[in-house]
Structures are given as structure tokens and as C-alpha cells.
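To start, the structure itself, in C-alpha cells.
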Amino acid sequence: MVKKLVIALLGIFLVYGGSMDSGFAAEKILKVGVGDAIDSDAGVFARKFKEIVEKQTNGTVEVQIFPNCSLGDEGEMFQNVRRGTLDMACIGVGNAVPFISPLGVYTLPYLLTNDEEVVKATTGDLFKYFNDVSIKRGGVRILGHCYTNFRHLTNSVRPVTRLEDIKGLKIRVPASKINVATYQAWGANPVPMGWAETFTALQQGVVDGQDNPYVVNYTTKIHEVQKYLTELHHQYSLQPLFIGEKHFKNMTPELQAVLIDAGMQAQMYILEWQKKNSQKAREAMEKAGLQISTLEDETEWENLARAVWPEFYNFVGGKEVIDMVTAAIAK
């Protein structure tokens, strides 16, 4: 079903310039900050975006990628994109929520439960809605979403297979109220922290654990500082590619069309890439000694997590926004 959606969407998005043969008089360099490693989902997404942009502009536009938060933490990169001092950034959506609260819908626990629902929530009318909100509320445009799969819990203290196992664990979370409330509902001690600080904090025991998808965990070498991983399905990790709206509007219409098309093509490309490579990353970490568990009582986790939703109705723009998303993904 997902493959059919991708094929259909490709035909739609190509109208934004996929077949353009644009020529630009002067060389232009666009810098893209990425929070994760170059061989992570986001790094692969950014490389695909670069390939498409440079091909469609006949090499007159160069895209430079700066992975591993080398241009600053994800929150800092987001702010610089808003200011126009950084061209673009691909960051975890949770790190954008403090600046654009309606994007918190994407982080509501157990809202999106499979690839098909995620695609529906990030394309078509819903893509337009959240893109418009991002422009109005944050001054940034979403060029595309990097799909990185479900965020799985890691820790260095004990295997987590039941709800009582997470009690009291210090878990690093993005600086999003929804992430904090979710872990508090489970009895953990969530610690909001920038992604660039997380590996060192895990290494030094400042926090016990964190959550991220398989490829992010593997390419960040989380398995070198964590002993246990538990498969959770509470949040599907999205990493939008943001560009400042004022910066975007100052570009030529031809380049705008190229960037929009490249973002959408990269979004569809990474959907299939991450599904293939998530399993490879899982196997590699398990071979390296990471102990992987599944939950025996995830229904209890889901019930407690969903109970926090009403706290955030106003935060994300009203219950009607959540209803709009649930109605769209149910079709």
C-alpha cells in the first residue's frame, strides 16, 4: 500500500519542477545542517536532496551538507534557519515543536502507528496544512520529511520489558512538552536535552537512556554506551527539512520549484531506504552486544500515553486538529 502511495505521489510532486532543465548565471552554494550522522536516514535524505538539486540546476547550485550537529545543536540550527543565517536544516520534529507548537501533533504518542498512516499524515492536504502553519507560526517552510521509523528506548541500567522496569530511569528527551509528559506518564524521569549533548551524557551517566530509531542509534554508536534496547511504537520519528520563508521568497521561482521538488523526491526515496536499513542496523547492534527486548504489556503503555493527549489540545491548535489528522489517516 505504501509503495502505491509513493508512486501516486511522485506523479503529483513532479509538477513542481522534476523535469526542469534550469540554468543559473552564477554559482550558488546552499548549506544544509543535519543533526545526525552522514550515513543516517537524515544524512541519506540530505544527500539525495543534494543530488537532485545539483542535477536539476546543471551543477550551478551546490548543496553542502554539515552532519552531526556541526553547525550547532538542532534547536540552534532551527533558529538560524528562521533568521536566514543558515540556508536549511534537517532536524527532529520534536526539536521544532518549542517554536511551532502545532507540529507537536506528530509527536503525540501512538497517533501514527504504521508507515501508511505516516505517509498520509505528511502528504497532500495535511502536508499543506502543517506547512502553512510552519510558515505563519515559525517563519519556516517544510521542503520535505525524512522518515526515520519508530523511536526505540535504550538504556544502560536494565532490560525494559514491562512498565515497572522504566520507573525512575532518567531518559533524555527532546525539549518538547509532549515527550516529557509521555515519559512522566510511564513513571520515568525525562530529561530535556539537546541532541548534540546526548552521547556524552549517556557516556558519563548523566542520563540512563534515550529513544531513537534503529538507524540513528546505530550510526550514532549508541550501542557503545548503552546495554539494552526496547522496541517501542509510541512515536514515529520525523525529521523535516526546513528553510526560512523569507530566504526562500528571495530565491528565483525556478530555484524555488527545484527545492520543492527535491524535498518531495527525497522524502519518497527515504521511505523505502529506511525500511530496508532499519533491520540491518538492528542486526548490527545486536551482533555488537546490544540486548534487544520487546514489551510484554505495550497496551498499558499506550493507554497511559494516550491519556496525556487532552493536556495538549490547545497546544497543538485544538482537538479539531487532531481529529483532522485521525480522520485523514483512517481513510
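The values are calculated or read from the model by the stated rules, or taken from the named source; none is laboratory data. Small disclaimer: the values here were computed from a predicted structure and weren't measured. Glycine also receives a Cβ, built like all others from the backbone with ideal geometry; neighbour counts cover every protein chain displayed. Keep in mind that these areas ignore ligands, DNA and RNA; they rest on the heavy atoms of the full protein, side chains included. Shrake-Rupley method; radii C 1.70, N 1.55, O 1.52, S 1.80 Å.
Between a residue in the range 192-213 that is in contact (Cβ under 8 Å) with a residue 24 or more places away in the chain and any residue that is in a helix (DSSP H, G or I) and not small (Gly, Ala, Ser), which pairs come within a Cβ distance under 6 Å, given they are 6 or more apart or on different chains?
Trp195/Glu74; Gln210/Thr198
Is there a residue in the range 201-224 that is among the basic types (Lys, Arg), closer than 25 Å to Tyr106 by Cα and modelled with pLDDT of 95 or more?
no
Sort out which residues of the range 215-251 are of a type in the set (Ser, Thr, Tyr), under 18 Å from the mean Cα position of the chain (by Cα) and open to solvent by 20 Å² or more (accessible area, probe 1.4 Å), and write them in order of number.
Of everything in the range 215-251, those that are of a type in the set (Ser, Thr, Tyr), under 18 Å from the mean Cα position of the chain (by Cα) and open to solvent by 20 Å² or more (accessible area, probe 1.4 Å) turn out to be Tyr218, Thr219, Thr220.
So which of Val173, Val160, Val133, Val140 ends up being among the β-branched types (Val, Ile, Thr), within 22 Å of Asp87 (Cβ to Cβ) and open to solvent by less than 10 Å² (accessible area, probe 1.4 Å)?
That would be Val140, the only listed residue that is among the β-branched types (Val, Ile, Thr), within 22 Å of Asp87 (Cβ to Cβ) and open to solvent by less than 10 Å² (accessible area, probe 1.4 Å).
May I ask you to verify whether Val97 is under 29 Å from Arg306 (Cα atoms), at pLDDT 95 or above and open to solvent by less than 20 Å² (accessible area, probe 1.4 Å)?
The answer is no for Val97.
How many residues, within the range 175-191, are under 21 Å from Glu224 (Cα atoms) and touching a residue at least 24 places away in the same chain (Cβ under 8 Å)?
Total satisfying the criteria: 0.
Do the conditions hold for Gln239, that is, is it free of Cβ contacts under 8 Å to residues at least 12 places away in the same chain and either touching a strand residue (DSSP E or B) at 6+ places or on another chain (Cβ under 9 Å) or within 20 Å of Lys48 (Cα to Cα) (or both)?
When the stated conditions are applied, Gln239 does not pass them.
Out of (1) buried (at least 21 other Cβ atoms within 10 Å of the Cβ); (2) in contact with a His (Cβ under 9 Å, 6 or more places away or on another chain); (3) closer than 22 Å to Phe45 by Cβ, what's the single condition that is false for Cys90?
(2)
Taking into account only those residues within the range 252-274 that are of a type outside the set (A, V, I, L, M) and over 17 Å from Val44 (Cα atoms), which is least open to solvent (accessible area, probe 1.4 Å)?
The extreme case among them is Gln256.
Give me the residue from the range 275-312 that is among the acidic types (Asp, Glu) and touching a His at 6+ places or on another chain (Cβ under 9 Å) and, out of that set, least open to solvent (accessible area, probe 1.4 Å).
Ranking the candidates gives Glu298 first.
If I ask for residues that are within 17 Å of the chain's Cα centre (by Cα) and of a type outside the set (D, E, K, R), which ones from the range 73-88 would you list?
Gly75, Met77, Phe78, Gln79, Val81, Met88
Can you pull out every residue in the range 177-197 that is in contact with a Ser or Thr (Cβ under 8 Å, 6 or more places away or on another chain) and crowded, with 23+ Cβ neighbours inside 10 Å?
Ile178, Asn179
Go through (1) small (Gly, Ala, Ser); (2) out of contact with any Cys (no Cβ under 6 Å at 6 or more places or on another chain); (3) at negative phi one by one and return the number of the condition Ala196 breaks.
Result: Ala196 fails condition (2) only.
Listed residues Lys246, Lys331, Lys280; which is among the basic types (Lys, Arg) and within 18 Å of Thr123 (Cβ to Cβ)?
Result: Lys331 is the single residue among Lys246, Lys331, Lys280 that is among the basic types (Lys, Arg) and within 18 Å of Thr123 (Cβ to Cβ).
So which residues in the range 313-331 are aliphatic (A, V, I, L, M), open to solvent by 60 Å² or more (accessible area, probe 1.4 Å) and within 20 Å of Lys136 (Cβ to Cβ), if there are any at all?
Met324, the sole residue that qualifies.
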